1. When region 64-98 is examined, which residues are found to be open to solvent by 100 Å² or more (accessible area, probe 1.4 Å) and of a type in the set (S, T, N, Q)?
2. Could you please find all residues in region 102-117 being at pLDDT 80 or above and either surrounded by fewer than 10 Cβ atoms within 10 Å (Cβ to Cβ) or assigned to a loop (DSSP other than H, G, I, E, B) (or both)?
3. Please find, among 35, 53, 63, 21, the residue that is part of a loop (DSSP other than H, G, I, E, B), among the aliphatic types (A, V, I, L, M) and at pLDDT 75 or above.
4. Just the residues that are hydrophobic (A, V, I, L, M, F, W, C) and open to solvent by less than 80 Å² (accessible area, probe 1.4 Å), please, taken from region 122-136.
5. Cβ-Cβ below 7 Å, separation at least six or inter-chain, first residue in region 101-116 and on the phi < 0 side of the Ramachandran plot, second surrounded by fewer than 10 Cβ atoms within 10 Å (Cβ to Cβ) and modelled with pLDDT under 75: which pairs?
6. For residue 74, state whether it is on the phi > 0 side of the Ramachandran plot, at pLDDT below 80, out of contact with any strand residue (DSSP E or B) (no Cβ under 9 Å at 6 or more places or on another chain) and not in a helix (DSSP H, G or I).
7. Which members of region 80-101 meet the condition of being in a loop (DSSP other than H, G, I, E, B) and under 29 Å from the mean Cα position of the chain (by Cα)?
Amino acid sequence: MRKVLPLLIAAGTLALTGCGALRGKTKALDEFAVARNAPLVIPPDYTLTPPVAGTVGLTATDAQSQAIDALFGGPGPRSTTERQILDNAGRERAAVGARSTAGDPDTRVVDKGAATPTILATPAGNGQDATASTPQ
């Protein structure tokens, strides 16, 4: 009991110190106090017109494309070299959404057999039968 009593007194003192009762602080913060500055007021914009019946409003895709254009500035100008490469690669014949269908299970692929995995699994360096060198 002699050891518990000082611990209880210390805990009570610590609790009262946290409240500010022992420091003579009696005024607490008032979270409902009114601010001195007037709140910001946005003036009405009289140039806006209500939407006309029968017209199409802004859709989510339009908003998304506008946001992307605002962030990244839209498509940038391409150099003549880049345009030539794209034209030679067949830019106008490219399928729309090709990246979405690349991993599709119905996509037809050519089975190369066991040769491709064997080549890819071959360790780098000279083998028993062949050597490779780069000209200096």
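The values are calculated or read from the model by the stated rules, or taken from the named source; none is laboratory data. As the structure is a prediction and not an experimental result, all values here were calculated from the model. As a convention, Cβ positions derive from the backbone with ideal geometry for all residues, glycine included, and neighbour counts pool all protein chains shown. SASA here: full protein model, heavy atoms, side chains in, ligands and nucleic acids out. Shrake-Rupley method; radii C 1.70, N 1.55, O 1.52, S 1.80 Å.
1. 64, 66, 84, 88
2. We begin by selecting, within region 102-117, every residue at pLDDT 80 or above; these are 113-117.
Residues satisfying the conditions are 113, 114, 115.
3. Exactly one of 35, 53, 63, 21 is part of a loop (DSSP other than H, G, I, E, B), among the aliphatic types (A, V, I, L, M) and at pLDDT 75 or above, namely 53.
4. Result: 130, single match.
5. 101/107
6. Working: on the phi > 0 side of the Ramachandran plot: yes; at pLDDT below 80: yes; out of contact with any strand residue (DSSP E or B) (no Cβ under 9 Å at 6 or more places or on another chain): yes; not in a helix (DSSP H, G or I): yes.
Yes.
7. 94, 95, 96, 97, listed by residue number.
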